[in-house]
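Scroll down for the structure; my scribbles are underneath it.
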Amino acid sequence: MSYDLIVFNPAAAPRNQEAFMVWYQQQAKWVEDHDYNNPEVSSEELHNWFMEIKETFPPMNGPYASDDVSEDQTLADYSIGQDMIYVAFGWVFADQAYPFVKNLAAKYQVGFFDASGNSDIFFPDGSGQLVSIIEHSKPWWKFWA
């Protein structure tokens, strides 16, 4: 099992949780007519996101994979589509991967989906931040505030 995070083109994805999940499941069928290891098929923002993340989490496969890999290297498995990049990490890297992937998503203004964790879905807000589309309930101590 892997720890899976997704970045996506916010212009292509619905901003409603239910519709987003349907869109995501369609994307994850991998029916596009191209190699899913090549970032050249993605939007400019997703491509740029990939070019930066691969320096910290090198790809296991594809044109940017290296044969010179050490045991302690933080490899990731990427499935790259036109509007979505699916990244599978070893669970041992989950605490490191989540904030790194999310921060890069904000930097490149792409969406972020935590597929293995809490299923939170974030869209860029246009000011360099990401905003969740999931309605979160208030913590109990804020009900009286």
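The values are calculated or read from the model by the stated rules, or taken from the named source; none is laboratory data. Worth saying up front: this structure is predicted, and the values here are computed from it rather than measured. Glycine also receives a Cβ, built like all others from the backbone with ideal geometry; neighbour counts cover every protein chain displayed.
Annotations for the structure displayed:
- S79 being surrounded by fewer than 19 Cβ atoms within 10 Å (Cβ to Cβ), within 15 Å of the chain's Cα centre (by Cα) and part of a loop (DSSP other than H, G, I, E, B): no
- Residue match in segment 96-119 (condition: at pLDDT below 90 and of a type in the set (S, T, Y)): yes
- Residue in segment 42-51 that is of a type outside the set (A, V, I, L, M, F, W, C), more than 24 Å from S132 (Cβ to Cβ) and touching a Ser or Thr at 6+ places or on another chain (Cβ under 9 Å) present: no
- Selection from segment 87-128 of residues that are under 18 Å from V22 (Cα atoms), hydroxyl-bearing (S, T, Y) and either in contact with a Leu (Cβ under 8 Å, 6 or more places away or on another chain) or assigned to a helix (DSSP H, G or I) (or both): S116
- Looking only at residues of segment 79-103 that are without any contact (Cβ under 8 Å) to a residue 60 or more places away in the chain and in contact with a helix residue (DSSP H, G or I) (Cβ under 7 Å, 6 or more places away or on another chain), we find that the one that is farthest from D33 (Cα to Cα) is F100.
- Residues within segment 29-50 that are touching a Gly at 6+ places or on another chain (Cβ under 9 Å) and in a loop (DSSP other than H, G, I, E, B), tallied: 8
- Residues of segment 1-28 that turn out to be more than 13 Å from the chain's Cα centre (by Cα), in a loop (DSSP other than H, G, I, E, B) and of a type in the set (S, T, N, Q), as a count: 2
- When S43, S66 are screened for being of a type outside the set (A, V, I, L, M) and buried (at least 18 other Cβ atoms within 10 Å of the Cβ), only S43 passes.
- Within segment 56-78, considering residues that are among the small types (G, A, S) and at pLDDT below 90, the one farthest from F93 (Cα to Cα): G62
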